[in-house]
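Novice: I'd like to ask some things about the structure below.
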Amino acid sequence: GEDVEQSLFLSVREGDSSVINCTYTDSSSTYLYWYKQEPGAGLQLLTYIFSNMDMKQDQRLTVLLNKKDKHLSLRIADTQTGDSAIYFCAESRNTGGFKTIFGAGTRLFVKA
Amino acid sequence: GAVVSQHPSRVICKSGTSVKIECRSLDFQATTMFWYRQFPKQSLMLMATSNEGSKATYEQGVEKDKFLINHASLTLSTLTVTSAHPEDSSFYICSAIRGDEQYFGPGTRLTVT
């Protein structure tokens with residue numbers, strides 16, 4: 001199958017860490033992405049990880065990949081109100097053509 | 001970072017008319033661009049893959065005669081919604097590939113009255 005699943009909602013307090021989880025089913029995925037979408041806007045690429053990596057850190061963002069369990073997470077440290085948005089997990093593969101499969105998105109709500 | 005633009009950002013049209021949406025890669029050349037559709041509170045649905053200089057590849061269930069795609073240059077792909085109906089109202093997003101990364105446009109909100 002081609003499913004990518006995420007929890008639909010997460011609420012955190014400002015200053016806390018947020019962890020958004022994602023599971024996928026296709027073991028041939030080459031890259032896994034996290035995108036941010038603010039209301040009425042397109043998708044902004046936050047970060048991505050190659051499938052042979054376990055972790056990637058970029059400022060406040062930490063991506064963890066457990067390839068055995070096909071589990072991906074995005075940790076946002078010191079979450080701010082400006083981080084409130086929908087976060088999409090996506091997997092892509094480039095075999096016979098580039099294709100990206102998206103999760104349904106996790107709505108992050110940050111309380112001041 | 002790479003920038004992908006879309007025009008218009010919002011469009012309202014009457015039933016039966018056609019609407020063209022442009023997708024441009026502003027600082028890189030893209031041989032492949034993608035068109036997605038997003039329904040409210042849902043994820044993105046890939047409609048088609050736009051290939052420069054050749055025909056687009058449509059996903060199953062997407063009518064190629066209704067959603068015309070033209071990728072005439074390495075920086076421009078267009079999506080034309082022909083004979084639009086209210087059920088075509090949606091948020092349309094394009095993306096372009098540069099290296100290993102996929103960059104998205106800001107989206108076009110189409111409302112068909």
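Novice: Regarding A:G82, is this residue over 15 Å from A:T30 (Cβ atoms) and buried (at least 20 other Cβ atoms within 10 Å of the Cβ)?
Specialist: Here the answer is no, as A:G82 does not meet what is asked.
Novice: If B:K64 meets every condition in (1) in contact with a Ser or Thr (Cβ under 9 Å, 6 or more places away or on another chain); (2) modelled with pLDDT of 90 or more apart from one, which number is that one?
Specialist: With (1) in contact with a Ser or Thr (Cβ under 9 Å, 6 or more places away or on another chain); (2) modelled with pLDDT of 90 or more applied to B:K64, the lone miss is (1).
Novice: Counting just the residues of region B:73-87 that are open to solvent by less than 10 Å² (accessible area, probe 1.4 Å) and under 14 Å from the mean Cα position of the chain (by Cα), which one comes out farthest from the other protein chains (Cβ to nearest Cβ)?
Specialist: B:V81
Novice: Quick check on B:I21: is it within 14 Å of another protein chain (Cβ to nearest Cβ) and farther than 19 Å from A:Y35 by Cβ?
Specialist: yes
Novice: If you check A:R75 against the conditions, is it out of contact with any Asp or Glu (no Cβ under 7 Å at 6 or more places or on another chain), among the basic types (K, R), within 14 Å of chain B (Cβ to nearest Cβ) and surrounded by 14 or more Cβ atoms within 10 Å (Cβ to Cβ)?
Specialist: no
Novice: Open to solvent by less than 10 Å² (accessible area, probe 1.4 Å) and modelled with pLDDT under 95: does that describe A:G97?
Specialist: For A:G97, the condition - open to solvent by less than 10 Å² (accessible area, probe 1.4 Å) and modelled with pLDDT under 95 - is not met.
One line per residue, one yes/no per condition, for (1) farther than 24 Å from B:Q38 by Cα; (2) of a type in the set (A, V, I, L, M, F, W, C):
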{"position": "A:V4", "(1), (2)": "no, yes"}
{"position": "A:C22", "(1), (2)": "no, yes"}
{"position": "A:G40", "(1), (2)": "no, no"}
{"position": "A:L45", "(1), (2)": "no, yes"}
{"position": "A:I49", "(1), (2)": "yes, yes"}
{"position": "A:V63", "(1), (2)": "yes, yes"}
{"position": "A:F88", "(1), (2)": "no, yes"}
{"position": "A:F102", "(1), (2)": "no, yes"}
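Novice: Moving on. Would a scan of region B:9-29 turn up a residue that is in contact with an Asp or Glu (Cβ under 6 Å, 6 or more places away or on another chain) and touching a residue at least 24 places away in the same chain (Cβ under 8 Å)?
Specialist: no
Novice: Okay, next question. Count, please, the residues in region A:38-56 that happen to be open to solvent by 30 Å² or more (accessible area, probe 1.4 Å) and under 14 Å from A:I86 (Cα atoms).
Specialist: 7
Novice: Given the residues B:S5, B:S43, B:S9, B:S95, which is the only one that is within 13 Å of the chain's Cα centre (by Cα), of a type in the set (G, A, S) and open to solvent by less than 30 Å² (accessible area, probe 1.4 Å)?
Specialist: Only one candidate passes the filter, namely B:S95.
Novice: Would you please name the residue that is surrounded by the fewest Cβ atoms within 10 Å (Cβ to Cβ), looking only at residues in region B:12-36 that are under 14 Å from B:T80 (Cβ atoms) and under 13 Å from the mean Cα position of the chain (by Cα)?
Specialist: Filtering first and then ranking leaves B:K20.
Novice: Moving on. How many of the residues making up region A:11-37 are within 10 Å of chain B (Cβ to nearest Cβ) and open to solvent by 20 Å² or more (accessible area, probe 1.4 Å)?
Specialist: Count: 2.
Novice: Turning to a different aspect of this structure: Is it true that A:S84 is within 14 Å of chain B (Cβ to nearest Cβ) and in contact (Cβ under 8 Å) with a residue 12 or more places away in the chain?
Specialist: So A:S84 fails the test.
The values are calculated or read from the model by the stated rules, or taken from the named source; none is laboratory data. Because the structure is predicted, anything quoted here is derived from the model rather than measured. Ideal geometry is used to build each Cβ from the backbone, glycine not excepted, and the neighbour counts take in all protein chains shown. Note: accessible area is taken over every heavy atom of the protein model, side chains too, but ligands, DNA and RNA are not part of it. Shrake-Rupley method; radii C 1.70, N 1.55, O 1.52, S 1.80 Å.
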